[in-house]
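Report on one structure; see the data block that follows.
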Amino acid sequence: MLLPESISSTHTDTHAYCRWQLPMGSERMEMRKRQMSVQQESAAGGTAPAQQGQPGQANPRGSNACCFCWCCCCSCSWNEDRDERNRKASYDVKEETSDCEDCPKPTLEEVRTWGQSFDKLMCCPAGRNAFRQFLRTEFSEENMLFWLACEEFSKDANKTPVEERARVIYEDYISILSPKEVSLDSRVRESINRNMQEPNLQTFEDAQLQIYTLMQRDSYPRYMNSAAYKNLLNTLSEQSPES
């Protein structure tokens, strides 16, 4: 028989286990890595054996799958549909990544200025392309895609397509069902939901600023210390007439 203290401890542990919080920064990147790993294993392994006692029904995630959380272990039909959406979205993201901004090759001086501030990197099309490629390796390219979409959206002076374009941005980057959902706090998310009733060119301003700040504080320092940036800097230094 369990003592009152044991019952209380068990209840607390169960509550802590079931509590789910939206990951931010590097934790979100780790979750995306795990999700992609699960999808790749599922695609490589094919259909798993059927569940015992239920002939003809496949159980691709094993018998320990749960349906009370939003993690990638669930085997319910909603998550099966989500996996299909993720596979389609993964293909769409691959298509988008090849469509970088048209710009000339960066000079050595430009690349050096990227290290002075995040603002200077983002003001340079070649800098945005290079940083976007780095974000892709960290499974957070959606942050740059969302920022670029907001830039284009806010510069559109025509009022007619605003509602349609706002809906596209919302479904691609704000909706919790999107595989490219960006990480926003509840205050900004609620503000967007209110503004979507009558969207305007300022609908995503707060969200764009929050994602810009996230990239500046979280991803930009890692890019400055990455092999990608250092190799680009060294390559241009070797090609420079000054060297």
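Any residue at all in the stretch 202-215 that is open to solvent by 50 Å² or more (accessible area, probe 1.4 Å), over 20 Å from the mean Cα position of the chain (by Cα) and at pLDDT below 95?
Yes: the stretch 202-215 contains one or more residues that are open to solvent by 50 Å² or more (accessible area, probe 1.4 Å), over 20 Å from the mean Cα position of the chain (by Cα) and at pLDDT below 95.
Can you name the number of the only condition in (1) touching a helix residue (DSSP H, G or I) at 6+ places or on another chain (Cβ under 6 Å); (2) within 23 Å of Pro106 (Cα to Cα); (3) open to solvent by 20 Å² or more (accessible area, probe 1.4 Å) that Tyr229 fails?
Every listed condition holds for Tyr229 apart from (3).
If the Cβ limit is 8 Å and pairs must be 6+ apart or interchain, which residue in the stretch 170-192 that is aromatic (Phe, Trp, Tyr) and modelled with pLDDT of 95 or more pairs with which residue that is part of a helix (DSSP H, G or I) and surrounded by 17 or more Cβ atoms within 10 Å (Cβ to Cβ)?
Correct list of pairs: Tyr170/Ile192; Tyr173/Glu142; Tyr173/Leu145; Tyr173/Phe146; Tyr173/Ala149.
Collect the residues in the stretch 93-126 that are open to solvent by 60 Å² or more (accessible area, probe 1.4 Å), closer than 20 Å to Leu148 by Cα and modelled with pLDDT of 95 or more, keeping them in residue-number order.
The answer is Asp119, Lys120, Cys123.
Which condition number does Ala130 fail, the rest of (1) touching a residue at least 24 places away in the same chain (Cβ under 8 Å); (2) open to solvent by 90 Å² or more (accessible area, probe 1.4 Å) being met?
Answer for Ala130: the failing condition is (2).
Quick one: count up the residues across the stretch 170-196 that are open to solvent by 20 Å² or more (accessible area, probe 1.4 Å) and of a type in the set (Val, Ile, Thr).
Qualifying residue count, the stretch 170-196: 1.
The values are calculated or read from the model by the stated rules, or taken from the named source; none is laboratory data. Since the structure is predicted, the reported quantities are computational estimates derived from the model, not experimental observations. Neighbour counts run over all protein chains shown; Cβ positions are idealised from the backbone, glycine included. Areas reflect the complete protein model, heavy atoms only, side chains present, ligands, DNA and RNA absent. Shrake-Rupley method; radii C 1.70, N 1.55, O 1.52, S 1.80 Å.
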